[in-house]
Amino acid sequence: MTIEQSKRPLTVIGWQEAVDLPDLGLTNIVAKIDTGARTSALHAEDITRFEKDNVPWVRFHTKFDDEARDTWVECPIHDQREIKNTSGQPEERIVIRTKFRIARRAWTIDVSLAERGEMQFRMIVGRLALRNHAIAVHTRARHLTQRPAERLETDGEAET
C-alpha cells in the first residue's frame, strides 16, 4: 500500500451496488459485492475469440435482466485462467481487463467471463477488484453509493 492509498478515506459500499464498466459500454449493472470470490465475473454468452492486429480479442453477448437491452461487447483478452465456479469446480475462463466505476471512483479490474444467466446477479465483484482501494463492504446494506436505474413503464413503453 502506498502513502497516497493509506491517506484515502474509507468508502463504505453495500453488498449489492450499481456499478459501471464504461469501457465496455455497460452502465448501472446491479452487482453483488462478493468478498468470498477472488475474481470478478461478468455474464457472457456466445463467447467468440478472434484476432485484431495480431492481438487476441473476444466478442460476447450480455444481458443483465429480462427487461435490459441485449448488448454485444468486443475487447482484448487479458488472460485465460482456471477459476472456481459457484460450485467450487475449476473451469478455464477468459479474463478481460477493463475500467470499473463505483461510488464516483474508477480504476481498472480483471473480470472473468462466465455464463451467469440463471444466477440472481449477472455480475459479481470479487475481493481482488476492491483490494488497495480503501473499500469496506457493509454486509447488511444495499445501494449505498448509487441507486440502480428504475425502469418506469407507461403503456408498456419504457421512459428515458
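The values are calculated or read from the model by the stated rules, or taken from the named source; none is laboratory data. Computed from a prediction, not measured in an experiment: that's the story for all the values here. With ideal geometry, Cβ positions are generated from the backbone for all residues, glycine too; neighbour counts draw on all protein chains shown.
Details
- Residues satisfying the stated conditions in the range 106-132, i.e. touching a strand residue (DSSP E or B) at 6+ places or on another chain (Cβ under 7 Å) and within 18 Å of Gln16 (Cβ to Cβ): Ile109, Val111, Arg116, Phe121, Arg122, Met123, Ile124, Val125, Gly126, Ala129
- Some residue of the range 27-34 being assigned to a strand (DSSP E or B) and exposed (fewer than 12 other Cβ atoms within 10 Å of the Cβ): no
- Number of positions in the range 45-63 that are out of contact with any His (no Cβ under 7 Å at 6 or more places or on another chain) and buried (at least 18 other Cβ atoms within 10 Å of the Cβ): 2
- Residues being among the aliphatic types (A, V, I, L, M) and in contact with an Asp or Glu (Cβ under 7 Å, 6 or more places away or on another chain) - total across the range 103-127: 2
- Pairs with Cβ under 6 Å, 6+ apart, first in the range 85-105 and farther than 18 Å from Asp34 by Cα, second at pLDDT below 95 and among the polar types (S, T, N, Q): Glu91/Asn85
- Those strands (runs of 3 or more DSSP E) lying entirely in the range 69-137 with at least 1 residues surrounded by fewer than 18 Cβ atoms within 10 Å (Cβ to Cβ) and of a type in the set (D, E, K, R): 71-76, 79-84, 90-102, 105-114
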